[in-house]
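Student: Here it is, the structure in full.
The values are calculated or read from the model by the stated rules, or taken from the named source; none is laboratory data. None of the values given here were measured: they were computed from a predicted structure. Every residue, glycine as well, gets a Cβ built from its backbone with ideal geometry; the counts of neighbours run over all protein chains shown.
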Amino acid sequence: MIERTALNMKKNILGKPLKLAFAGAVIVAILLFPIFSSRITLHFAMVGLTGAILALGLNIFFGYCGQINFGSAGFFAIGGYGVALLDKYIQMPYFASLFLSIVISGIIAFIMSLPLLRLREYMLALGTLAFGMAIYEAVSKGFTSYTGGEDGINISKLKFFGTPAGDTFFFYLFLIAILLCYWVSYALRNSRTGRAMVSISQDETAATSLGVNINNYLIQAFMLSGMILALAGGLFVKWTGWCSPEYFSLKNSILILLAVVVGGVGSAFGAIIGGLIMFILQEILVPLAIYEMLAYGIILCIFLLFMPKGIKSGIISIANWFKGANRR
Amino acid sequence: MDYFLLTLVTGVSIGCIYALVGLAFAAIFNASRVINFANGDLAVVGAFAASLFVFSGKVHPAIGFLLVLMLSIIAGLLINQLVEPSVRRKAPMINSILITMGGGLIIVGLIGIFTNFGYFRTGHLWGLKPLLLGKIRISPQYLAIIVVTAVLASAYWFFLNRTNWGLGLRVLGINPDMASLVGINTVRGRMFTWAISSGISGIAGFLIAPLIVPTALMGLPVVVNGFIAAVIGGFGHPLAAVTGGIILGLLVQFFTAYVSAGNAHLVVFLLLLGVLVFRPTGIWGVKLQ
Amino acid sequence: MNKTLLQVESVSKNFGGISALLNINITIEQGSITSLIGPNGAGKTTLFNIITNFIPLDSGSIFFREERIDVLPPYKVANKGIQRTFQLLQVFKELSVLENVTLGMHANSKTGLFPTILRFPSMRIEEAEIIEQSMNAIQLVGLEAHINDMAGQLPFGQQKLVELARALVSRPKLLLLDEPTNGLNPHETEKVINLLNKIHEQGINIFLIAHDMRTVMEISEKIYVLNFGKKIAEGTPEEIVKNQEVVRAYLGKEYSIA
């Protein structure tokens, strides 16, 4: 099945065996990355990987179903605080708390979907925005006795047989998570359920006339999306060892949105790329924090106005333009 | 009793700020089916312009007011131009929402760079002497806000319902194709509405600046609350937003004063949810389809 | 044995004071091809919208296989076996032809989220069947060469075929076609007429709105005529052609013989 971006024009510049070799080299490079990279580079990569998971999560709701979610950081927070609180108060083993946080996120997504998913477009934008902000305010200023407010919560280190797990372990853990989420996205997209979701984003009238129960699928997408976002949260806070409200601000909700837009709305693979790019960019801009907002605004406008199908199509257009220019 | 009065006045006053922003939202929505998520950022432009010209003492407040208006309108028109192509080809609303967001980010980003994301200069327009209401002292700014809002809202209502231009804008909102068929210049009509809307947002920023610590990032709570005000009131009628804003302002102030300061946002969120669930078209209903 | 498939009973619909449909009674029998004709604005598409419950009716009732369907949400009506096409194409423009048609099988399949993600064998079996049926439908309409093309990039006539394939892939019990030959050249029209006959032979009941008299006369077994929201005639093609009211409705008073 072709992806929604319909970019199934395969450029046959490389022959098949060469392509396989190239892909193989990339995979090996990724797998060996943590061994050969410096601490700092690894740190950047990990943030990028988190972004990839987040983007994959949002892509299911925003990309496949075409619905706005301005509060995705809220679910990111549920995952993070779920793990942090379970660790702090009952010392639950990590993978159990991770699993539980994801389930809780799904339940909250379900509850929120009941009022929110009757709305569309701008109402949904507002509703999800308010949701994200409510969560942010709740953890930063609301229940401060439990959540430690702005200071956040310290999380115990993950240990295997007494030795703490290092960055390298988490790198592979994040990779596995990305593969899992990508696989879920791919399986979903190329199935009856996924097609129904995409049809909703294309034309609700036609979808309904084909028997698609729109509300049903929106709820499912919202829940799945929330759960993947929470997974990212649970992984991220355990790696950093600290859960703080600043991870879950509106800025990050927008960043996740940007990641999906840059990667190409509706493309799971694009989401991975977009997530990597945008979140690594954010880390790079930390010393230049003043320019962050301007940068995001410019990127958002450029992609929406000129590259609505994401960076892949943008590169292909530029490449085509060059090809055309050469011929002249 | 006096405390009650104070809370009441500040509630209405802050509510008026939300009302103005809500009005700005409704104006643009009615004319072009776009939700201008950069509305809050336009208020920031207003506060920023005020800090540059009025509160720095360089310019007489009346001229400063005009400069605030001008800068806000220019900023608003920039966003309008960004979003026009999507509006013209009737693209899904998501596109225009995201584009206005992007535009807003650019504007605030620029202001932030300029001010190093620090505090804008602010000041007092009415001297430092507070007014006396009964036994409580209150800054005249609160009353000024209420007065200006009343004036602007009435002027807008009058314009929309009693003038030909206003009629044209209303037709534009209901059916742009029909509007162009009867000779209304839809592009200019939208530009005009955006100008009015951004001007109002800018004034809102100017009005609230002396009462808070304005920064480039103040746009966010403004946009959320302004939007909520418009939702509560209903998008159909421009003055619906005013009702919504005042209700919201009273609610927030009373909750903060009498219950708990830190959790006001939760109340707002619950109110919003309540409205969305039980009466999504708002108090005054009639969402223009 | 003619069992009644669709029964439209005394259906009326007002749009703010304007009567779009007034007391309409229509019976569609099992195994039939029926046409609905009438001048522009007669209410034909409105009737389709009401049958599929995209617009609620104001009074009357609709029975499908003796079950009342005007109280069901639109997606459930589709799941009962009624499929429709639209006058102005509602093809999924950014999806491929194949994906469009596989979506037509939605009403005929049932795999949910869990089995999909966990790749249950039942899901794989159903998916294979969906693809097979879709390929059949695409072959039937003759679009095999364009399986992976983006539907929105095809010429109009072919997009109409995509929508048709999508509507019939789920083997609906009743196919509502809104102007299937609208905008097609004579060659394409002929193709569609042949297709409709072929589909009918395979056992699918057809209820179609058409303006092209040739189509209507060639394939209909029964014709209903609407004018200004009222049924003014019903009968076989031969009867309709001779019906004075119909002639008057279409051509105006000057052409009536009486």
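Student: So if I check each of B:Trp165, B:Trp157, which one is more than 14 Å from chain A (Cβ to nearest Cβ), in a helix (DSSP H, G or I), out of contact with any His (no Cβ under 7 Å at 6 or more places or on another chain) and surrounded by fewer than 16 Cβ atoms within 10 Å (Cβ to Cβ)? Walk me through it before giving the result.
Tutor: On the way: B:Trp157 fails: surrounded by fewer than 16 Cβ atoms within 10 Å (Cβ to Cβ).
Being more than 14 Å from chain A (Cβ to nearest Cβ), in a helix (DSSP H, G or I), out of contact with any His (no Cβ under 7 Å at 6 or more places or on another chain) and surrounded by fewer than 16 Cβ atoms within 10 Å (Cβ to Cβ) holds for just one of B:Trp165, B:Trp157, which is B:Trp165.
Student: Same structure, new question: Output the residues belonging to segment A:215-244 that are more than 30 Å from A:Phe44 (Cβ to Cβ) and more than 7 Å from every other protein chain (Cβ to nearest Cβ).
Tutor: Kept after step one, since they are more than 30 Å from A:Phe44 (Cβ to Cβ), are these residues of segment A:215-244: A:215-223.
Passing the criteria: A:Asn215, A:Asn216, A:Tyr217, A:Leu218, A:Ile219, A:Ala221, A:Phe222, A:Met223.
Student: From the list A:Met112, A:Met123, which one is at pLDDT below 80 and of a type in the set (A, V, I, L, M, F, W, C)?
Tutor: Numbers: A:Met112 fails: at pLDDT below 80.
It is A:Met123.
Student: Return the pairs, sorted by first residue and then second, in which the second residue is assigned to a helix (DSSP H, G or I), the first residue lies in segment C:113-124 and is among the basic types (Lys, Arg), the beta carbons are less than 7 Å apart, and the residues are 6+ apart or on different chains.
Tutor: Listed by first residue and then by second, the contacts come to C:Arg119/A:Ala187.
Student: Another question about this same structure. Looking only at segment A:293-328, which residues are of a type outside the set (A, V, I, L, M), more than 17 Å from B:Ile97 (Cα to Cα) and without any contact (Cβ under 8 Å) to a residue 12 or more places away in the chain?
Tutor: Scanning segment A:293-328 gives A:Gly314, A:Ser317, A:Asn320, A:Trp321, A:Phe322, A:Lys323, A:Gly324, A:Asn326, A:Arg327, A:Arg328.
Student: Specify which of the listed residues (C:Pro74, C:Pro39) is at pLDDT 90 or above and not assigned by TED's automatic domain parsing to the domain that holds C:Ile131.
Tutor: Working: C:Pro39 fails: at pLDDT 90 or above.
When all the criteria are applied, what remains is C:Pro74.
Student: Residue under question is B:Ser197, and the condition is that it be of a type in the set (S, T, N, Q) and either within 13 Å of chain A (Cβ to nearest Cβ) or touching a Ser or Thr at 6+ places or on another chain (Cβ under 7 Å) (or both); does it hold? Even if it seems obvious, please write down each step before you answer.
Tutor: On the way: of a type in the set (S, T, N, Q): yes; either within 13 Å of chain A (Cβ to nearest Cβ) or touching a Ser or Thr at 6+ places or on another chain (Cβ under 7 Å) (or both): no.
So B:Ser197 fails the test.
Student: Another question, if that's okay. Do you know which residues across segment C:29-76 are hydroxyl-bearing (Ser, Thr, Tyr) and either within 17 Å of the chain's Cα centre (by Cα) or buried (at least 18 other Cβ atoms within 10 Å of the Cβ) (or both)? Steps first, answer last, please.
Tutor: Just the residues of segment C:29-76 that are hydroxyl-bearing (Ser, Thr, Tyr), to begin with: C:32, C:34-35, C:45-46, C:52, C:59, C:61, C:75.
Hits for segment C:29-76 are C:Ser32, C:Thr34, C:Ser35, C:Thr45, C:Thr46, C:Thr52, C:Tyr75.
Student: Return yes or no: is C:Leu88 without any contact (Cβ under 8 Å) to a residue 60 or more places away in the chain, away from chain A (no Cβ under 14 Å), within 30 Å of C:Tyr250 (Cα to Cα) and part of a loop (DSSP other than H, G, I, E, B)? Lay out the reasoning, then the answer.
Tutor: On the way: without any contact (Cβ under 8 Å) to a residue 60 or more places away in the chain: yes; away from chain A (no Cβ under 14 Å): no; within 30 Å of C:Tyr250 (Cα to Cα): yes; part of a loop (DSSP other than H, G, I, E, B): yes.
No, not satisfied.
Student: Sticking with this structure for a sec: Given the condition closer than 25 Å to B:Pro140 by Cβ and of a type outside the set (D, E, K, R), answer yes or no: does some residue in segment B:181-191 qualify?
Tutor: no
Student: Something else: Please enumerate the residues belonging to segment A:226-255 that are out of contact with any Leu (no Cβ under 7 Å at 6 or more places or on another chain), of a type in the set (A, V, I, L, M, F, W, C) and surrounded by fewer than 21 Cβ atoms within 10 Å (Cβ to Cβ). Break it down into steps so the answer makes sense when it comes.
Tutor: Taking segment A:226-255 as the starting set, the residues that turn out to be out of contact with any Leu (no Cβ under 7 Å at 6 or more places or on another chain) are A:226-227, A:230-231, A:233, A:236-237, A:239-249, A:251-255.
Adding the requirement that they be of a type in the set (A, V, I, L, M, F, W, C) leaves A:227, A:230-231, A:236-237, A:239, A:242-243, A:248, A:254-255.
A:Trp242 - this is the single residue of segment A:226-255 that is out of contact with any Leu (no Cβ under 7 Å at 6 or more places or on another chain), of a type in the set (A, V, I, L, M, F, W, C) and surrounded by fewer than 21 Cβ atoms within 10 Å (Cβ to Cβ).
Student: Additional query: Whether any residue in segment C:47-57 is without any contact (Cβ under 8 Å) to a residue 24 or more places away in the chain, more than 26 Å from C:His200 (Cα to Cα) and more than 9 Å from chain A (Cβ to nearest Cβ) is what I want to check.
Tutor: For segment C:47-57, residues without any contact (Cβ under 8 Å) to a residue 24 or more places away in the chain, more than 26 Å from C:His200 (Cα to Cα) and more than 9 Å from chain A (Cβ to nearest Cβ): present.
Student: Mind checking which residues of segment A:299-321 are in contact with a Ser or Thr (Cβ under 9 Å, 6 or more places away or on another chain) and assigned to a loop (DSSP other than H, G, I, E, B)?
Tutor: Here is the first cut: in segment A:299-321, the residues in contact with a Ser or Thr (Cβ under 9 Å, 6 or more places away or on another chain) are A:304-307, A:309-310, A:312-313.
Within segment A:299-321, A:Met307, A:Lys309, A:Gly310 qualify.
Student: While we're looking at this one, here's another question. Scan segment A:246-301 for residues that are within 14 Å of chain B (Cβ to nearest Cβ) and touching an Asp or Glu at 6+ places or on another chain (Cβ under 6 Å) and jot them down.
Tutor: A:Leu285 - this is the single residue of segment A:246-301 that is within 14 Å of chain B (Cβ to nearest Cβ) and touching an Asp or Glu at 6+ places or on another chain (Cβ under 6 Å).
Student: Just to be sure before I move on: is C:Lys160 modelled with pLDDT of 85 or more and of a type outside the set (A, V, I, L, M, F, W, C) in the structure I sent?
Tutor: Considered against the rule, which asks whether it is modelled with pLDDT of 85 or more and of a type outside the set (A, V, I, L, M, F, W, C), C:Lys160 comes out as yes.
Student: Right, next: Only one residue in B:Leu125, B:Leu67 is surrounded by 15 or more Cβ atoms within 10 Å (Cβ to Cβ), among the hydrophobic types (A, V, I, L, M, F, W, C) and over 19 Å from the mean Cα position of the chain (by Cα), so which one is that? Walk me through how you get there before you give the answer.
Tutor: Details: B:Leu67 fails: over 19 Å from the mean Cα position of the chain (by Cα).
Of the residues listed, the single one that is surrounded by 15 or more Cβ atoms within 10 Å (Cβ to Cβ), among the hydrophobic types (A, V, I, L, M, F, W, C) and over 19 Å from the mean Cα position of the chain (by Cα) is B:Leu125.
Student: In addition: What number goes with the only condition from (1) outside any helix (DSSP H, G or I); (2) in contact with a strand residue (DSSP E or B) (Cβ under 7 Å, 6 or more places away or on another chain) that A:Val265 does not pass?
Tutor: Condition (2) is where A:Val265 drops out.
Student: Next up: Given the structure, is C:Gln139 in contact (Cβ under 8 Å) with a residue 12 or more places away in the chain and not assigned by TED's automatic domain parsing to the domain that holds C:Ser10?
Tutor: On the way: in contact (Cβ under 8 Å) with a residue 12 or more places away in the chain: no; not assigned by TED's automatic domain parsing to the domain that holds C:Ser10: yes.
In short, no.
Student: Just to be sure, is B:Val222 over 24 Å from B:Val45 (Cα atoms) and in contact (Cβ under 8 Å) with a residue 40 or more places away in the chain?
Tutor: Numbers: over 24 Å from B:Val45 (Cα atoms): no; in contact (Cβ under 8 Å) with a residue 40 or more places away in the chain: yes.
It is false that B:Val222 is over 24 Å from B:Val45 (Cα atoms) and in contact (Cβ under 8 Å) with a residue 40 or more places away in the chain.
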